[in-house]
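Following: one structure in structure tokens, then a few remarks.
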Amino acid sequence: MGNYNYVDIVCDVPTVGDKAFTYKVPKHCILPYGAKVHVPFGKRNVDGYIVDQGVPEPEFEVKDVLAVYDLDFLPPRPLLDFGLVLRDYYLATISSFWGYMWPPQVRKIKIATEGPITSYDTFDQTEKPSRRERESVTKHEELFIQGSHSFRWKMYQDAIEKAISAGFSVLVLVPEIARASIVEEELQSMYDREVVAVVHSDMSNVARRQQWLDIKQGKKRIVVGTRSAVFNPVRDLGLIIVDEEESPYYKAEEYPRYNGRTVARMRGRYQDCPVLLGSFVPSVVANFNLKEGKIRGVTEGFPAKENIDCQIVSLLGQKKRMLITKELHLAIRETFRDGNRALLFLNKRGTASSLVCRDCGNPIFCPRCSVPMAYHAREGQVVCHTCGYREVAPTNCPICDGFTWKPVGYGIDRARSEFQKRFPNVPVFQLDKDVKESTEEAIEGFISSKPSCLICTQVIFSVKNLPDLGVLGVLSADNILNLPDYLASEEVFRLLNKLLSLLNSSENGSHIAQKKQFIVQTLNPDHHAIQGVLDPEHFYAVETENRKALRYPPFGYVMKVTVSGKSQEKVIAASESLAAAIKSYSGGISVLGPSPAPKAKVRGQYRWHIMIKSSDQILAREVLKESLSTIKDGQVRVYVDLEEPFSLS
């Protein structure tokens, strides 16, 4: 081998997958398995990972490894091996998962100029708890906990205490950054602050790297974070907790589209430690598995509604569409008369869903996406809520040069305007991604004013402590329900019950004599997702039967394939070729599509979908894996989505 060692490297280039390429390094450089390196690839330089050392010297000319990333941040071998398990499950690449296992922005060391690179932390785990302690705590099992926040966390805390007392570490996953910070504070009040770490994408790269090192070295024994925290090198892992397991925020929107809940369960099996899954509103699949005895569970049930009057208000037949109906108006007025607060929920940003020319009827479309842009009257802008593109609302129509516009649909800004006209003397606060005031400022103003009103989107679920509420009104429950997705009903049911729990858990002042009021306005008053507010078991029964008839989970498996590219013709051709290849396999698999995605163009990329249904998940994955080899065009990308929830775009 002369003066060089030769290594095989998988490059982080999606179009070549896991094909390994041979590179050389100076003899004095000992680069371990899994090391992240920087190498020349074609006309550019890319990152890659070492998958084989001691490769024989090839007969052809090979290129040099340019740099290696700081090996202090090399993930432990068991974690790297777990990445291979995930790669196989998600039909992804090694790079796509090993990339998550390295912290961000690790420094690169140039091999040619900075001498030997031989020292790195081998993750020595000699100081493990005794065998007796390990067997008493870490034998793998899964337990599902259904109940209120306080019920779930009482059980979590008991399990955490047991694991910590035995010398183990704990990984706690929550769906949102705001929740991670709240849980961190709660756990730091119970344990030494120095042993609790929080990990999420809002942290600086420096802070994330330091936390990663502290976790790897065993300085942090309780790790709290959002979905990507599941890849952290937690030392002596003895317990994994996944709270609000049904949350769609555990699903990554980008390749390889993993689900943090699934990865957590797989890691529990891989490392032989218990996994606790918790939820106030279990998914349809989890509820079915609980009732069928397929998973062990502890159930508190849904809270009683003795102090809450739930009302479903039909919007059918209303000639003039107002965002606040007569029934909701009267409930709000009564609440304000008693000096109490109201909360109005509408999960639609802006003033209107679109701005339409009155002369030709065309809306203003995003130039990068095939969707109309929402109108934000306060800023005088139209905004694409898919890619974030925004521009000043045009004076003239780009199609016909007309100059009169009609706002179509509605958003939270319009709701605020309508409220202020009805109740001009009541302070109103707004909570969504577009308001200039911070979440803290809006909530502080809401708390300090009585009577007062808070109009909000789903950002409300990140608020820690809401004040006492007299009424909570859902202005519309239909925008999600009308989406072309079998999970839409479940999402609406979950959303409404989470809102109901806000009313149920808001601080209950003793001066409130009347019942609190929960009012849902809808064009679908008889839909089982809406009626589920009154009777959750009715929703689960109807939805389970619907899924059974159509062989949707838990009675079958569904996979979604997205084909995208800049050329619409090439995307269509690749989609049809892939669908034909899948259909050529007989038995046990049905194919829906290909068809344009609901948002057929996003950020300049055309998109087509293929849906695959099967009663045999292993068979379907193997068929799909074989069929993907038919895509030869390097100008189209194929994304595989193996589990719900699926992106609705």
**Request:** Determine, for each peptide in 209-215, 57-63, the mean count of other beta carbons within 10 angstrom over its residues, then list the peptides with the highest first.
**Result:** 209-215, 57-63
**Chain lengthening between Val408 and Gln381 when straightened (0.36 nm per residue, less Cα-Cα)** = 8.3 nm
**Message:** Testing the spin-label approximation: label points 7 Å from Cα along Cα→Cβ at Gln53 and Glu300. State their distance in nm.
**Reply:** 5.0 nm
**Asked** Dipole magnitude of the chain about its Cα centre, charges +1 at Lys/Arg Cβ and -1 at Asp/Glu Cβ only, in debye to the nearest 20?
**Response** 1180 debye
**Prompt:** Say R0 is 30 Å: what FRET efficiency, to the nearest 0.05, do Arg422 and Arg358 get from their beta-carbon distance?
**Reply:** 0.65
**Asked** Quick one: if you stick a label point 7 Å off each Cα along the C-beta vector at Leu523 and Gln105, how many nm between them?
**Response** 4.6 nm
**Asked** Which Cys residues of the chain have no other Cys beta carbon under 4.7 Å away?
**Response** Cys11, Cys29, Cys273, Cys310, Cys387, Cys453, Cys456
**Asked** Can you give the Kirkwood hydrodynamic radius for the stretch 1-85, in Å, rounded to one decimal and based on Cα pairs?
**Response** 13.3 Å
**Prompt:** Once all Cα-Cα distances of the chain are split into 10 Å bins that start at 0, what whole-number percent is in each one?
**Reply:** 3, 13, 21, 25, 21, 11, 4, 1, 0
**Prompt:** Can you give the net charge of the other residues whose Cβ lies under 11 Å from the Cβ of Phe302, counting K and R as +1 and D and E as -1?
**Reply:** -2
**Item:** Cβ-defined net charge surrounding Glu537, 12 Å radius [Lys, Arg +1; Asp, Glu -1]
**Value:** -1
**Message:** Once you order the gyration tensor axes a ≥ b ≥ c over the Cα atoms, which shape class does the stretch 160-295 get: rounded for a/c under 1.5, otherwise prolate or oblate by comparing a/b with b/c?
**Reply:** prolate
**Request:** Select from Gln217, Ala477, Leu495 the residue farthest towards the positive end of the dipole of the chain; place +1 on Cβ of Lys and Arg, -1 on Cβ of Asp and Glu, and compute about the Cα centre.
**Result:** Ala477
**Message:** Beyond a 24 Å Cα-Cα separation, which of these cross-linked pairs lie in this structure: Lys294/Lys560; Lys43/Lys625; Lys294/Lys613; Lys162/Lys498; Lys421/Lys515?
**Reply:** Lys294/Lys560; Lys43/Lys625; Lys162/Lys498; Lys421/Lys515
**Message:** With the crude spin-label approximation of a point 7 Å out along Cα→Cβ, what separation in nm comes out for Lys291 versus Ser462?
**Reply:** 3.6 nm
**Complete:** Out of Val563, Pro398, Ala580 - ranked by how far each Cα lies towards the positive end of the dipole of the chain, with unit charges on the beta-carbon of charged residues - the top one is Pro398
**Area projected by the alpha carbon convex hull of the stretch 250-358, averaged over all directions, nm²** = 14.0 nm²
**Message:** For a quick check of your reading of the filter: which trypsin sites (Lys or Arg not before Pro) in the stretch 414-492 sit in a DSSP loop and have no more than 15 other Cβ atoms within 10 Å?
**Reply:** Lys433, Lys436, Lys464
**Message:** Need the full-extension length gain, Asn482 to Lys63, defined as separation in residues times 0.36 nm minus the C-alpha distance. One decimal, nm.
**Reply:** 145.3 nm
**Item:** Helix axis angle, 488-505 relative to the chain longest principal axis, alpha carbon, degrees
**Value:** 70 degrees
**Net charge, Asn482 excluded, C-beta distance under 13 Å - Lys, Arg +1, Asp, Glu -1** = -2
**Asked** In nm, what is the difference between 0.36 nm times the number of residues separating Leu550 and Glu254 and their Cα-Cα distance?
**Response** 103.8 nm
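Just so you know, all these numbers are worked out from the coordinates, no wet-lab data involved. These numbers come from a predicted model, not from an experiment. Cβ coordinates were reconstructed from backbone atoms using ideal geometry, including for glycine residues, and neighbour counts include every protein chain displayed.
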